[in-house]
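Only one structure is covered here, and it is reproduced in the block below.
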């Protein structure tokens, strides 16, 4: 892992921005700003999944959801079209915010543009780093967010989400997902989704 002073300064600025999240999440008895906790989980998961990740990829993972709360889902129509529009605008918003912070930190235009490229999810399955970032997003979802999500949705919806998640991942990502430390309930749901046609 690259641990340059500039990288650490960028992480510090990303964390300061995400630390302003008014939404909180409890983890191991402590309340955290939601997106700050998410960003740290992204970095930790990337470090485990791809220890030799480039500086651009490390930066993109850390700011994947930067200041996400500023574009709430409720501001868009609560249908499929509204959801897709929200997701597209989020990617652009994250790229813009990240670019501003990285430029302030002293990164050159080439690296800033590369981080933006990764945040915009361009060339998935074709660009190795874009795919690695997507794998990490999926692994973080499965490890930390799937269980609470599963409690709120019917099983058919869960099967659909799991199958879509699986198809987004590379074979390496899928292997890592199968080795996550999950509850027996979550494991059963994943294996059922795969047996129903996600493989």
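The values are calculated or read from the model by the stated rules, or taken from the named source; none is laboratory data. These numbers were taken from a predicted model, which means no experiment stands behind them. Heads up, the Cβs are rebuilt from the backbone with ideal geometry, glycines too, and the neighbour counts pull from every protein chain shown.
I want to confirm something. Restricting to the range 16-34 and keeping residues that are without any contact (Cβ under 8 Å) to a residue 40 or more places away in the chain and touching a strand residue (DSSP E or B) at 6+ places or on another chain (Cβ under 9 Å), which single residue is nearest to residue 133 (Cα to Cα)? Break it down into steps so the answer makes sense when it comes.
Filtering the range 16-34 for residues without any contact (Cβ under 8 Å) to a residue 40 or more places away in the chain gives 16, 19, 24-34.
Restricting the remaining residues to those that are touching a strand residue (DSSP E or B) at 6+ places or on another chain (Cβ under 9 Å) gives 19, 24-26, 31-34.
On the way: 19: 22, 24: 24, 25: 23, 26: 25, 31: 26, 32: 23, 33: 22, 34: 20 Å.
My answer is 34.
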TODO: Filter the range 132-180 down to residues that are closer than 23 Å to residue 58 by Cα and not in a helix (DSSP H, G or I) and give me whichever is farthest from the chain's Cα centre (by Cα).
DONE: 179
TODO: Could you please give the count of residues in the range 1-21 that are assigned to a helix (DSSP H, G or I) and under 12 Å from residue 59 (Cα atoms)?
DONE: 10
- [ ] Scan the range 96-111 residue by residue and report those that are touching a residue at least 24 places away in the same chain (Cβ under 8 Å) and either under 18 Å from the mean Cα position of the chain (by Cα) or not in a helix (DSSP H, G or I) (or both).
- [x] 97, 98, 106, 107
- [ ] Go through the range 112-128 and give me each residue that's surrounded by fewer than 18 Cβ atoms within 10 Å (Cβ to Cβ) and part of a helix (DSSP H, G or I).
- [x] 113, 117, 128
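So if I check each of 90, 59, 84, which one is in contact with a helix residue (DSSP H, G or I) (Cβ under 6 Å, 6 or more places away or on another chain) and part of a helix (DSSP H, G or I)? Break it down into steps so the answer makes sense when it comes.
Details: 90 fails: in contact with a helix residue (DSSP H, G or I) (Cβ under 6 Å, 6 or more places away or on another chain); 84 fails: in contact with a helix residue (DSSP H, G or I) (Cβ under 6 Å, 6 or more places away or on another chain).
From the options 90, 59, 84, the qualifying one is 59.
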- [ ] Hey, could you check the range 18-37 for residues that are surrounded by 14 or more Cβ atoms within 10 Å (Cβ to Cβ) and either in contact with a helix residue (DSSP H, G or I) (Cβ under 7 Å, 6 or more places away or on another chain) or modelled with pLDDT under 95 (or both) and say which is farthest from residue 104 (Cα to Cα)?
- [x] 25
TODO: Report yes if residue 115 is outside the structural domain of residue 184 (by TED's automatic domain parsing), under 17 Å from the mean Cα position of the chain (by Cα) and under 24 Å from residue 7 (Cβ atoms), otherwise no.
DONE: yes
Task: Failed item, numbered, when residue 93 is tested on (1) under 15 Å from the mean Cα position of the chain (by Cα); (2) within 23 Å of residue 6 (Cβ to Cβ) - done: (2)
